[in-house]
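Enquirer: Would you mind keeping the following structure in view while I ask a few things?
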Amino acid sequence: MDEEGQKNVEEVLDSANSLRWEVGGNLHEALMESIYGDASRIADRVVTREGEKTRFDWERNLDRLLTSRWTGFPVMLVILAVVFWLTIAGANVPSAMLATLLVDMGHPFLKGLVGSINMPWWLDGLLIDGVYLSVAWVISVMLPPMAIFFPLFTLLEDFGYLPRVAFNLDNMFRKAGAHGKQALSMSMGFGCNAAGVIATRVIDSPRERLIAIITNNFALCNGRWPTQILIASLFIGALVPSAIAGLVSAAAVVGITLIGVFLTFATSWALSRTVLRGEASTFSLELPPYRPPRIMRTLYTSLIDRTLLVLWRAIIFAVPAGAAIWLLSNVTVGDLSLAEHLIEWMNPFALVLGLNGVILLAYIIAIPANEIVIPTILMLTVLSAKMAGMGEGTGVMFELTDDDSYMNVFKAGGWTLLTAVNLMLFSLIHNPCSTTIYTIYKETGSVKWTAIASLLPVFMGLVICFFVAQFWYLLVG
């Protein structure tokens, strides 16, 4: 390069450096102005200067209430209790309407329809008394609670409250060797365990996510609430004067729920120190600002993405359950049906657990959906106790309308207070439903962890029922 060319290059470089410093200086100045501007706005919000009136910051005061170590937990329990109450109380009417439409009206209509075309009795029973009734019970019992719980839960999420729940419970879950965000998946599990398993996606650590998946079954899902409420009302509430029977029954159900929460922490702690050993990971939880929920998005997310998806999976698994119930009740070997043979075979083992063969068989049959446990128990009790005039036929699930009728069936089945208490415990601590088992497999992609998540609660439930029964027998003689 000649001397003139070298000079031109140097001039271009000098111009570029000058421009860079000028632009850099302007950017630096703009950046500093932005930082000081933000600091000034923050100071105006949180600092009260001398002579100024104290400003009320509703977000800061609300956070003090919702995240305080003194008020955070009571408020959290009250909010969750209100959500559960609205779910249970609000679902009663639509559940009854669906049961009337699908069971009381739909079942006789279909029976008359297939009767008019002379369908074979066994195919009629298998399809209508078995498959259809199973699906009808699942829809009528499962749909209304989910359609109420999931929108309420999503509203709390959109409002910004659920991250505060995780903040409150973070320390407890870390002490159990789990992740603070497990509080969110556990709370979702109270609506549906399958949805709770899906909610564990918010946990980044594979180890801690597995702990959350395995223990989510201890959250009492909406399919188990009817069983808990019915048994508590009939057996626990009956121990006290009628004026406080409702309160005592509710306290018993809350007690079972708290046992589930305790088992969640205890099992998380045990897993984190054995097969899933490791240190609890730390995470930075940013509490989002409170914001008004978006109603249409909430309805879409909760009803389409959660409610209908979970319901569809439950219906798919309810079909073979209904067929199995009818076949076991109607296929006979000797003078007894297969169901009666199984009940007699299970009874000795079940009595040691404080249960009976009917309950164990009902829970095996009802793996596809917890919603059909009570109708199945009633049908099997009537079948095994030879109760004439009760129910609508062999293998036909049914429910009753008054407490006295329920008690008559349960007494005929030899139920005691121990049977009721251990049924409530086993309802809490047993295998997940088929929908949840399938979801666990989809989320983990592992047969091993799906088997552990399915069998561990069964083992724990049997052990706990055994010790409660042995204590009871020792106490009452």
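The values are calculated or read from the model by the stated rules, or taken from the named source; none is laboratory data. None of the values given here were measured: they were computed from a predicted structure. Don't worry about glycine lacking a Cβ; one is built from the backbone with ideal geometry, like all the others, and counts go over all protein chains shown.
Enquirer: Within the group 396, 421, 409, which residue is modelled with pLDDT of 90 or more, out of contact with any Pro (no Cβ under 7 Å at 6 or more places or on another chain), among the β-branched types (Val, Ile, Thr) and under 30 Å from residue 454 (Cα atoms)?
Expert: Result: 421 is the single residue among 396, 421, 409 that is modelled with pLDDT of 90 or more, out of contact with any Pro (no Cβ under 7 Å at 6 or more places or on another chain), among the β-branched types (Val, Ile, Thr) and under 30 Å from residue 454 (Cα atoms).
Enquirer: Looking for something assigned to a helix (DSSP H, G or I), at pLDDT below 90 and touching a Leu at 6+ places or on another chain (Cβ under 9 Å) - is there at least one such residue anywhere in the range 438-457?
Expert: No, because not a single residue in the range 438-457 is assigned to a helix (DSSP H, G or I), at pLDDT below 90 and touching a Leu at 6+ places or on another chain (Cβ under 9 Å).
Enquirer: Residues being within 19 Å of residue 364 (Cβ to Cβ) and either buried (at least 17 other Cβ atoms within 10 Å of the Cβ) or charged (D, E, K, R) (or both): count how many of those fall in the range 306-318.
Expert: 3
Enquirer: Can you tell me which residue is modelled with the lowest pLDDT among those in the range 178-203 that are within 9 Å of the chain's Cα centre (by Cα) and hydroxyl-bearing (Ser, Thr, Tyr)?
Expert: 187
Enquirer: In addition: Go through the range 199-225 and give me each residue that's part of a helix (DSSP H, G or I), in contact (Cβ under 8 Å) with a residue 60 or more places away in the chain and surrounded by fewer than 21 Cβ atoms within 10 Å (Cβ to Cβ).
Expert: Selection gives 201, 207.
Enquirer: Another question, if that's okay. Within the range 384-407, which residues are closer than 25 Å to residue 249 by Cα and surrounded by 14 or more Cβ atoms within 10 Å (Cβ to Cβ)?
Expert: Residues satisfying the conditions are 398, 399, 400, 406, 407.
Enquirer: When you go through 342, 360, 355 one by one, which is the residue that is buried (at least 18 other Cβ atoms within 10 Å of the Cβ), in contact with a Gly (Cβ under 8 Å, 6 or more places away or on another chain), at pLDDT 85 or above and more than 15 Å from residue 396 (Cα to Cα)?
Expert: 342 is the lone residue from the list that is buried (at least 18 other Cβ atoms within 10 Å of the Cβ), in contact with a Gly (Cβ under 8 Å, 6 or more places away or on another chain), at pLDDT 85 or above and more than 15 Å from residue 396 (Cα to Cα).
Enquirer: So which of 100, 87 is modelled with pLDDT of 85 or more, among the polar types (S, T, N, Q) and in a helix (DSSP H, G or I)?
Expert: Sole residue among the options that is modelled with pLDDT of 85 or more, among the polar types (S, T, N, Q) and in a helix (DSSP H, G or I): 100.
Enquirer: Would a scan of the range 168-177 turn up a residue that is under 16 Å from the mean Cα position of the chain (by Cα), surrounded by 20 or more Cβ atoms within 10 Å (Cβ to Cβ) and part of a helix (DSSP H, G or I)?
Expert: No: zero hits.
Enquirer: On the given criteria, is residue 319 of a type in the set (Val, Ile, Thr), free of Cβ contacts under 8 Å to residues at least 60 places away in the same chain and either in a helix (DSSP H, G or I) or on the phi > 0 side of the Ramachandran plot (or both)?
Expert: no
Enquirer: Does at least one position in the range 401-418 carry a residue that is in the same structural domain as residue 307 (by TED's automatic domain parsing), closer than 30 Å to residue 274 by Cβ and not in a helix (DSSP H, G or I)?
Expert: Looking for residues that are in the same structural domain as residue 307 (by TED's automatic domain parsing), closer than 30 Å to residue 274 by Cβ and not in a helix (DSSP H, G or I), one finds none in the range 401-418, hence no.
Enquirer: Confirm whether residue 242 is over 26 Å from residue 196 (Cβ atoms) and more than 26 Å from the chain's Cα centre (by Cα).
Expert: Yes, satisfied.
Enquirer: For a quick check of your reading of the model, give me the residue pairs whose first member lies in the range 61-84 and is under 19 Å from residue 288 (Cα atoms), whose second is part of a helix (DSSP H, G or I) and among the charged types (D, E, K, R), with beta-carbon atoms closer than 7 Å and at least 6 apart or on different chains.
Expert: 66/164; 67/164
Enquirer: Evaluate the following for residue 256: is it in a helix (DSSP H, G or I), within 15 Å of residue 460 (Cβ to Cβ) and β-branched (Val, Ile, Thr)?
Expert: yes
Enquirer: Among the residues of the range 90-112, what is the count of those that are over 18 Å from residue 397 (Cβ atoms) and in contact with a helix residue (DSSP H, G or I) (Cβ under 9 Å, 6 or more places away or on another chain)?
Expert: 6
Enquirer: Given (1) among the β-branched types (Val, Ile, Thr); (2) without any contact (Cβ under 8 Å) to a residue 60 or more places away in the chain; (3) out of contact with any helix residue (DSSP H, G or I) (no Cβ under 6 Å at 6 or more places or on another chain), where does residue 365 come up short, assuming only one miss?
Expert: Every listed condition holds for residue 365 apart from (3).
Enquirer: State which residue is modelled with the lowest pLDDT when the search covers only the range 34-84 and only residues that are assigned to a helix (DSSP H, G or I) and small (Gly, Ala, Ser).
Expert: 43
Enquirer: Quick check on the range 266-284. Is at least one of its residues aromatic (Phe, Trp, Tyr), modelled with pLDDT of 90 or more, out of contact with any Asp or Glu (no Cβ under 6 Å at 6 or more places or on another chain) and surrounded by 20 or more Cβ atoms within 10 Å (Cβ to Cβ)?
Expert: no
Enquirer: Is it fair to say residue 303 is in a helix (DSSP H, G or I), under 27 Å from residue 462 (Cα atoms) and not polar (S, T, N, Q)?
Expert: The answer is no for residue 303.
Enquirer: Filtering the range 341-379 down to residues that are more than 22 Å from the chain's Cα centre (by Cα) and in a loop (DSSP other than H, G, I, E, B), which residue is nearest to residue 330 (Cα to Cα)?
Expert: Ranking the qualifying residues of the range 341-379, first place goes to 356.
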